[in-house]
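Input: a single structure, listed below in structure tokens.
The values are calculated or read from the model by the stated rules, or taken from the named source; none is laboratory data. It should be emphasised that the depicted structure is a prediction, and the values quoted were computed from it without experimental measurement. In this analysis, Cβ positions are derived from the backbone assuming ideal geometry, glycine residues included, and neighbour counts consider all displayed protein chains. Side chains included, ligands, DNA and RNA excluded: accessible areas come from the protein's heavy atoms. Shrake-Rupley method; radii C 1.70, N 1.55, O 1.52, S 1.80 Å.
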Number of protein chains: 2
Amino acid sequence: MAKRGSRPAGGRGGGAPEQEPPPRDRSKVTINDIARLANVSKKTVSRVINESPLVRSETRERVLTIIKQHGYTPDPQARALALRRSFLIGMIYDNPSPQYVVNMQRGILDELEDTSFQLVLRPCDRADPRFHEKIEAFVVQQKPFGVILPPSVSEDEKLAEMLRALNCDYVRIASVVLDEPARMVRTHDFEGAAAAARHIAALGHSRIAHIHGPKTFRSAHERLAGFRQGLAESAIELDKALTVEGGYTFESGVECAARLFRRKQRPTAIFAGNDEMAVGVYKAARDFGLKAPEDVSIVGFDDTPMASRVWPPMTTVRLPIRDMGRAAARLLLRQAAGVEPEELIAFKPELIIRESAAPPKNG
Amino acid sequence: MAKRGSRPAGGRGGGAPEQEPPPRDRSKVTINDIARLANVSKKTVSRVINESPLVRSETRERVLTIIKQHGYTPDPQARALALRRSFLIGMIYDNPSPQYVVNMQRGILDELEDTSFQLVLRPCDRADPRFHEKIEAFVVQQKPFGVILPPSVSEDEKLAEMLRALNCDYVRIASVVLDEPARMVRTHDFEGAAAAARHIAALGHSRIAHIHGPKTFRSAHERLAGFRQGLAESAIELDKALTVEGGYTFESGVECAARLFRRKQRPTAIFAGNDEMAVGVYKAARDFGLKAPEDVSIVGFDDTPMASRVWPPMTTVRLPIRDMGRAAARLLLRQAAGVEPEELIAFKPELIIRESAAPPKNG
DNA sequence: CTGAAAGCGCTTACAG
DNA sequence: CTGAAAGCGCTTACAG
């Protein structure tokens, strides 16, 4: 049985003598107490809390001192009710990679630390016919302060439109510019894939395959285009017959690579659209008795922990997911504060050269 | 600039004619509207919402119909303010494995789906001197409905005590019984490790090593004890010289295995306390020119995705993390509703036999 | 079984 | 620059 409300006075139950003096029960201090103690109206305390400039600095200092003295923190639920807006930041995602999800969460939480904002999770499925309806219900009921949309949720134009109509602030993380700078964190997937292509080409490969992600992901298009571009710089044309579509999953990586390996003219290098699929290529290679990098060079994208644990350690492209999450959260808070970003926030990927790509044997 | 409040009437901005009729703006329907329409007091509507038995069934039906008709959902912030308790479920964790964290989140979210509860994340660091203070601040400020504590946070007795003092409901997930059944989800790590031991022993090994997790994790003790017990059943005594402490990380797995491999009498099998360390053993084995399972059998614990992607596919022990998360959330909601569980909820691990363990060469 | 009053802890207009 | 009044949308005693 919940016994909320019968909270014993003093709070934390008689501490041992060697402990520091128990902090006063902060849960009881309200805006009224502060107002009374500071000899001002609660409205003035409210102004101080909300950093209104309409307070004499002397008054502000006095109030601030009392607040600190009593460890007062405004009640988020009460503020939410009055403001018709909660202090929850929603992360709405459908990304299948746990590593991506966790890193992004960490980044957002980094930025939210020591604020009164809380991170709330909304996993979802874009294939669900009630997808938009469910998110609308969430937004209407919880009135989140704002939401963060990583790919591929970020690419849903109807969702963005709905959020705007509901006056819900949001930040989209995507590999292409889909929105105004105040609502975008951009990743240069194109550049990352181009770097991978340059590296593979410089190694001397010419029969180069690419397993790209599903067409419903913009990143899949960007990485494909970037790869093609990087190859073109070395006067190599990406062979359509060696370009296949995977599902960003391990299994699809295995299948696509097997298909590639069954050709009479095998590719000597494979660039997979993400690490998951690249690890699938590792497996297919072993199934075909092929060694990496001697028989096939393999390059991935993401630099998940698996990339460095697998054998041989994987050459891949790294995007600073955690930093991206942090940037998205910061942008969201600034957006709410009315601060316009000077320029579009963007992240460049980095090529991580390890041991899975080498010159071709017969090169 | 946030434009909250200037929400246009009608909500979602003129839909195209082919769209379904726009749902009424649910954000505006309040308990007062329902009360007026149902011809009762708002208190009665409140009783219906809260499933109080003190309502004539006829009245309840009438109110329920109106509620459904207007798609009314009570405002969580307003309820929270009145109840002095929010509808947030906190997950407080320090588990280093992203896979564990994500699976547990999924389980909790499964159970919370279609309720008004939201999952809020609180990663933390038990080594932080302000650890308890920070969590206390979270609980006091957010007044979460309850919190879920996976290992090793669940093992912190001081934390549990603090939560009780603050009247905050919680559920602990741990490998040993630390609390009453209403507050515990137990995992039989002991059994899982014993099964691993039996499997290794049955394969014919006798020089068997164990890399256990840090002593600050109860699971490390349980797995060690279970492993010892499983071996004892085959009259094998766990060799102290072959029992080393790792940190549940890849790197520590590499180091510990290397130390083991440098001995004149190498172990023919290694049981690692988790998959991360087991993958470290894979690496060390390669560094020493040892092949698995021919030269060393390797067994892990957790069955992370990596276990099946690595070569050779890893024999390991699987705990149903997602189910555990779901069970923890369900228990928390029942606890709040005053329902006592009939018995302790517990999960048994399963041995997943793949290809990394085989009879010893010279066996 | 039902309701009118007061209150949860804040903020938004509106005055001054 | 500051404040008294009213309100956000619910619920808890208290009556009946």
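The residues of region B:149-192 listed by number as losing at least 50 Å² of accessible area in the complex, against the isolated chain and with a 1.4 Å probe, are B:165, B:167.
Between residue B:270 and B:209, B:297, B:298, B:299, the built amide H atoms are under 5 Å apart, and every one of these is 5 or more places off in sequence or on another chain. Backbone amide hydrogens, once placed in the peptide plane, bring residue B:345 within less than 5 Å of B:186, excluding anything fewer than 5 places away on its chain. The portion of the accessible surface of the protein assembly as shown made up by carbon and sulfur, rounded to a whole percent, is 50 (1.4 Å probe; DNA, RNA and ligands excluded). When shorter helices are ignored and each DSSP H run of at least 4 residues is given -39500 (n - 2.57), the per-residue value for chain B at 222 nm works out to -12500 deg cm²/dmol.
Can you tell me the FRET efficiency between residue B:78 and residue B:113 if r is taken as the Cβ-Cβ distance and R0 is 25 Å, rounded to the nearest 0.05? The value I calculate is 0.65. The distance separating the Cα centre of region A:61-78 from that of region B:91-159 comes to 26 Å.
A 1.4 Å probe run over region B:285-363, with the rest of the protein chains in place, finds 46 Å² accessible per residue.
Annotation: amide H-H contacts under 5 Å for residue A:317 (H modelled 1.01 Å from N, sequence separation of 5 or more, or interchain): A:300, A:301, A:302, A:303, A:352. Counts of other chain beta carbons within 10 angstrom of each beta carbon in peptide A:77-87 average 6. The Cα center of region B:296-351 and the Cα center of region A:214-249 differ in position by 39 Å. Only alpha carbons enter this Debye calculation for region B:254-363, each as an equal point scatterer, and the log10 of I(q)/I(0) it gives at q = 0.09, 0.24 Å⁻¹ is -0.34, -1.24. Among the GluC sites (Glu not before Pro) within region B:262-363, those in coil by DSSP and having at most 15 neighbouring Cβ atoms inside 10 Å are B:294, B:342, B:343, B:355. Our coupling estimate for region B:172-182, obtained by passing each phi through the Karplus curve with A = 6.51, B = -1.76, C = 1.60 and θ = phi - 60°, is 9, 10, 7, 8, 9, 6, 10, 7, 5, x, 5 Hz, Gly and Pro reported as x. Both chains summed, the buried accessible area for A and B stands near 5900 Å², from protein heavy atoms and a 1.4 Å probe. Accessible surface of residue B:48, taken over heavy atoms with a 1.4 Å probe and every protein chain present, rounds to 10 Å².
In region A:91-110, comparing the full protein assembly with the chain on its own, the residues that lose 20 Å² or more of accessible surface at a 1.4 Å probe are A:98, A:99, A:102, A:105, A:106, A:109.
Burial annotation for region B:276-321: residues with an accessible-area loss of at least 50 Å² between the isolated chain and the complete set of protein chains, computed on heavy atoms with a 1.4 Å probe, are B:286, B:306, B:309, B:311.
Each of A:67, B:270 has its accessible area taken with a 1.4 Å probe; listed largest first, they run A:67, B:270.
Note on residue B:212: accessible area approximately 20 square angstrom, rounded to 10, probe 1.4 Å, nucleic acids and ligands left out. Label sites at residue A:50 and residue A:245, each approximated as a point 7 angstrom past Cα along Cα to Cβ, lie 5.1 nm apart.
Give, to the nearest whole percent, the P(r) tail of region B:189-318 beyond 17 angstrom, counting all Cα pairs. Tail fraction, whole percent: 49. Put A:171, A:29 in order of accessible area, highest first, and with a 1.4 Å probe you get A:29, A:171. Within the listed set B:133, B:51, B:161, the residue fluctuating most in the Gaussian network model of chain B (springs between alpha-carbon atoms under 10 angstrom) is B:51.
When chain A is treated as a GNM with alpha-carbon contacts under 10 Å, the residue of A:78, A:292, A:328 showing the greatest mean-square fluctuation is A:78. For the residues A:30, B:316, a 1.4 Å probe over the protein chains yields an accessible-area ranking, largest first, of A:30, B:316.
Of the residues B:112, B:178, B:37, the one that moves most in a GNM of chain B with alpha-carbon contacts below 10 Å is B:37.
Solvent-accessible surface of region A:26-74, averaged per residue with a 1.4 angstrom probe and all protein chains in place: 65 square angstrom.
Residues in region A:290-307 carry Karplus couplings, in order, of 9, 9, 9, x, 3, 8, 9, 8, 10, 10, x, 8, 2, 6, 5, x, 4, 4 Hz; the curve used is 6.51 cos²θ - 1.76 cosθ + 1.60 with θ = phi - 60°, and Gly or Pro positions show x.
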